[in-house]
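*Asks:* Questions regarding the structure given below will be posed in turn.
FYI, it's all coordinate maths here, none of it is from the lab. The structure displayed is predicted, hence computed values, not measured ones. Here the Cβ positions follow ideal geometry from the backbone for every residue, glycine too, while neighbour counts run over all protein chains shown.
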Amino acid sequence: MRPSIQSHRKDEHVFLAEKYFKATASAGFADVRLLHDPLPEAAVAAVRFDALPFGWRWPLYINAMTGGSAQTATLNGQLARIAAACDLAIASGSQAVALAEPALAPTFATLRNNAPHAFILGNLGATKTPAQVAQAVAMLDADAIELHLNAVQELVMPEGDRNFHWLDAIAAIVATVTVPVVVKEVGNGFTREALAKLRRVGVTTVDIGGRGGTDFGQIENARRPRHDASYLQDFGQTTVESLLEAQGSGLTILATGGLRTPLDALKALRLGASAVGLSGLVLHWLLQDGEAETIAHLKVWQTQLTGLMALVGATTLPELTTVPVVLAPTLDHYRTQRGLPHP
Ligand code: FNR
C-alpha cells in the first residue's frame, strides 16, 4: 500500500521533532525557584505518590506522539514496552489517521499488545464524534481518551483544518463516552479563560501542554513549501505560565511541554500539576540511545524525583504544594498582569 499523506506526515513529525530537539528547553522552569530547606525533616523512604489521577503509580507519563506508519508502529511498540517496564501510563499519538484508513489501526494497537496492563490513553482531535471516540478507545482497549487542541499546528500545517469551533464536540464527547476524557494542548499552552470554558462543559482533567519543548509551529513550518510561518514558532504560554493560569481552576491539571529534568517535574508538581508528561525527551532518548537505555533514563527520573521530594521536605504531593516558591521578575510580572494568584 502506498503511504498516504497522513501516514507520511507521522514520519515527518518524528524526524522534525528530533531534528529540533533541544537539550535545554524554555518552558519557564528556570524562572521558578523552590526554596531550599536545610532541615527537610523527611526521608526518601517515606515518600509516597498516592491518590494520583486514574490510580497511576507515578506522577509521570509518556505523552502522545505517534502511530500511523510502519516506522511509527515500531516506535509505538518500543514506547509501550518502556511504559510497561517503568510502570507508567502512556498516551497514543492521534488515531485520526486510523479512523480514516482502518488498515493503519495495528500501528496503534501495538501499544496495547506490548503493554497489556498499562494505563493507555487514546488520542484524537476535538473535532470528532462520540462514536469515533468509542472506535479509538476500542482500537487500543484504552483506559482514557485524550482530545488534543492544536490550533497553531492546524493553521501552520499546509493541509490543516481552518475551523476552530471545538467546544460543542468536546461537550458531546464528555457527556457520552464511558472512559475519562483528558483535554490537552500540544505545546502552545493554556489560559485561565480556556480552562473555565472546558470546566463549564464538564471536562475535569486538562493537560495544559505548554510552550518550551516540542514546537508544532516550528515543525509544521518546516513542512510548508515556502517556510513562511516561522513567526509562529514560540507562540503561546510556557508550561510554567500555563500552570500559573491553572491556579485555582478546580480541574485536575497535568503538565507537559519542555520538561528536561526531575527538578522541572518537581516544580510542575509544586505549581499544581497532579502528574507531568514527557514526549520529545522520551523520543530523543529512544532514537539516540534505544529502548533499554530509555527505560534506564526513566528509572533514574523516578528515583531522583522521589529523592527531590524528600530534599524539599515533602513526603506526599499535598505536602509539596506548601514548599515556598519564588518567581523571577518577568514571570511574576506575567502573573500580576493576568491577575493570577501567587502559587
Ligand atoms: C506530539 N504531540 C502530540 N500530541 C497529541 O495530542 N497528538 C499527537 O498526535 C501528537 N503527536 C506528536 C508527535 C511527536 C513526534 C511529538 C514529539 C509530540 C505533542 C505531545 O503530546 C506534547 O504535548 C508536546 O510534544 C510537548 O511536550 P514535550 O515534547 O515538550 O515533552
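*Asks:* Which value at 222 nm does the chain reach when only helices count, each DSSP H run of 4 or more adding -39,500 (n - 2.57), with the total divided by all residues and rounded to the nearest 500 deg cm²/dmol?
*Replies:* Numbers: 15 runs with 150 residues, N = 343.
Taken over the chain, the calculation gives -13000 deg cm²/dmol.
*Asks:* Same structure again: Counting other beta carbons within 10 Å of each residue's own, what order do T321, T252, T72 fall into, fewest first? Intermediate values should be presented prior to the final figure.
*Replies:* Values: T321 14, T252 20, T72 24.
Least to most surrounded, the residues fall as T321, T252, T72.
*Asks:* Right, here's the next one. Determine, for Y20, Y231, the number of other Cβ atoms within 10 Å of each Cβ, and report the residues in order from fewest to most. Numbers along the way, then the final one.
*Replies:* Numbers: Y20 15, Y231 9.
Listing Y20, Y231 from fewest to most nearby Cβ atoms yields Y231, Y20.
*Asks:* Under 5 Å between amide hydrogens, which residues at least 5 positions from T66 or on another chain qualify, with H placed 1.01 Å from N in the peptide plane?
*Replies:* Long-range HN contacts for T66: G93.
*Asks:* Compare the Cα positions of L232, T252, V137 along the charge dipole of the chain (+1 at Cβ of Lys, Arg; -1 at Cβ of Asp, Glu; about the Cα centre) and return the one farthest towards the positive end.
*Replies:* Farthest along the dipole direction, towards plus: L232.
*Asks:* Then there's this: Here are some pairs, K10/K197; K22/K128; K184/K267; K22/K267; which of them have Cα atoms lying more than 24 Å apart in this structure?
*Replies:* Those over the limit are K10/K197; K22/K128.
*Asks:* All other residues with a Cβ under 15 Å from the Cβ of D234 taken together, and with Lys, Arg as +1 and Asp, Glu as -1, what is their net charge?
*Replies:* -2
*Asks:* Test of understanding: given the chain, find the longest segment containing no GluC sites (Glu not before Pro) that are in a DSSP loop and have at most 15 other Cβ atoms within 10 Å.
*Replies:* Longest gap between qualifying sites, sites excluded: 160-343.
*Asks:* Please check: in the Gaussian network model of the chain (C-alpha springs, under 10 Å), which one of L311, L243, L60 has the largest mean-square fluctuation.
*Replies:* L311
*Asks:* Within the range 257-288, whose backbone N sits under 17 Å from a point 7 Å along Cα→Cβ of Q304?
*Replies:* Counting only backbone N, you get 257-270, 276-286.
*Asks:* When the Karplus curve 6.51 cos²θ - 1.76 cosθ + 1.60 is applied with θ = phi - 60°, which whole-Hz ³J(HN,Hα) does each residue of the range 59-75 get, with x for Gly and Pro?
*Replies:* In residue order, the calculated couplings are x, 8, 8, 8, 8, 3, 9, 8, x, x, 8, 5, 5, 6, 5, 4, 4 Hz.
*Asks:* Under unit Cβ charges (Lys, Arg +1; Asp, Glu -1), what dipole magnitude, rounded to 20 debye, does the range 1-74 have relative to its Cα centre?
*Replies:* In total the dipole reaches around 380 debye.
*Asks:* Highest first, please rank the peptides 43-54, 202-213 by the mean number of other Cβ atoms sitting within 10 Å of their residues.
*Replies:* 202-213, 43-54
*Asks:* Can you tell me the 0 to 90 degree angle between the C-alpha axis of helix 280-289 and the longest principal axis of the chain, rounded to 10?
*Replies:* Its long axis makes an angle of about 80 degrees.
*Asks:* Give me a comma-separated list of calculated 3J(HN,Hα) values for the range 323-336, in order, Karplus coefficients 6.51, -1.76, 1.60 applied at θ = phi - 60°, integers in Hz, x for any Gly or Pro.
*Replies:* 5, x, 10, 10, 9, 5, x, 5, 5, 5, 5, 4, 4, 6
*Asks:* Could I ask something else about it? May I ask you to evaluate 6.51 cos²θ - 1.76 cosθ + 1.60, the Karplus curve with θ = phi - 60°, for each residue of the range 123-136 and list the ³J(HN,Hα) values in order in whole Hz, giving x for glycine and proline?
*Replies:* With coefficients 6.51, -1.76 and 1.60, one gets 8, 9, x, 8, 10, 8, 8, x, 5, 5, 4, 4, 5, 5 Hz.
*Asks:* Among T72, V44, G55, whose Cα projects farthest towards the positive end of the dipole of the range 22-103, with charges put on the beta-carbon of Lys, Arg (+1) and Asp, Glu (-1)?
*Replies:* Of the candidates, T72 comes out farthest on the positive side.
*Asks:* Within a 10 angstrom radius of the beta carbon, how do K22, K267 rank from fewest other beta carbons to most? Spell out each step's value before the answer.
*Replies:* Numbers: K22 14, K267 30.
Result, fewest neighbours first: K22, K267.
*Asks:* Counting only residues 5 or more places away or on other chains, whose amide H sits under 5 Å from the amide H of R211 once H atoms are built in the peptide plane?
*Replies:* G189, Q237, T238, T239
*Asks:* Still on this structure, please answer the following. How long is the gain from A51 to T261 if the chain were fully straight, where each residue apart is worth 0.36 nm and the alpha carbon distance is subtracted?
*Replies:* My answer for the length gained is 73.3 nm.
*Asks:* Now, a different point. Considering only the other residues whose Cβ falls under 12 Å of the Cβ of L263, what net charge follows from Lys and Arg at +1 and Asp and Glu at -1?
*Replies:* Once positives and negatives cancel, what remains is +3.
*Asks:* Give, rounded to the nearest 20 debye, the magnitude of the charge dipole that the chain has about its Cα centre when Lys and Arg contribute +1 at Cβ and Asp and Glu contribute -1 at Cβ.
*Replies:* The calculated dipole for the chain is roughly 240 debye.
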